[in-house]
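Single-structure report; data block below.
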Amino acid sequence: WAVGSGSLASSAFIIFSKPSSVTAHPLRLIIAYVIAILCGMLLHVIGAALISDGHSFAWMSFFASLAVIVCLMFMLWLKAEHPPAVGMALVFVIDLKDYRTSILIIAAITAMVCLKLLLNRRLSDLF
């Protein structure tokens, strides 16, 4: 979870420093994080099932890279690009200890989206 906070912090920076950005659109944020979490979880499960001798660094790196590629493809296909969310797919492949973490991440991104919507009239681009 601690590793994934970097993705959330990057999203917060985009949301509140450049609120008019295409990547700061509320629906795009939620869809992008859901895609990233699902891709990360799926490839974590596949990787854990295929790796019989523990978690080999090379194989986990392969599945982490694959998660990024699959995540980006789905985001581009659904027109829901949000670059910081892709990092969450990496986190879920490499460091998934508890599936309840996904609920916490979705709650955090939903809270940021709600805050953005509440403050939308007062927010302006910083650069």
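Points worth noting:
- Peptides 69-81, 113-125 ranked from most to least packed by the mean count of surrounding Cβ atoms within 10 Å: 69-81, 113-125.
- In this label model, residue 18 and residue 100 are separated by 3.7 nm, measuring between points 7 Å along each Cα→Cβ vector.
- For the range 76-82, putting each phi into the Karplus relation 6.51 cos²θ - 1.76 cosθ + 1.60 with θ = phi - 60° gives couplings of 5, 5, 8, 6, 10, 6, 8 Hz, in residue order, rounded to whole numbers and with x for Gly and Pro.
- Between helix 101-119 and the chain: long-axis angle, C-alpha atoms, 0 to 90°, nearest 10: 10 degrees
- For the chain, the Cys residues with no second cysteine's beta carbon closer than 4.7 Å are 114.
- Relative contact order of the chain: 43 percent, from C-alpha pairs under 8 Å at least 6 residues apart in sequence.
- Against the criterion of solvent-accessible heavy-atom surface with a 1.4 angstrom probe, 44, 82 sort, most first, into 44, 82.
The values are calculated or read from the model by the stated rules, or taken from the named source; none is laboratory data. In this text the structure is predicted, and so the values were computed from the model without any measurement. Glycine also receives a Cβ, built like all others from the backbone with ideal geometry; neighbour counts cover every protein chain displayed. The accessibility values were calculated without ligands, DNA or RNA, using every heavy atom of the protein model including side chains. Shrake-Rupley method; radii C 1.70, N 1.55, O 1.52, S 1.80 Å.
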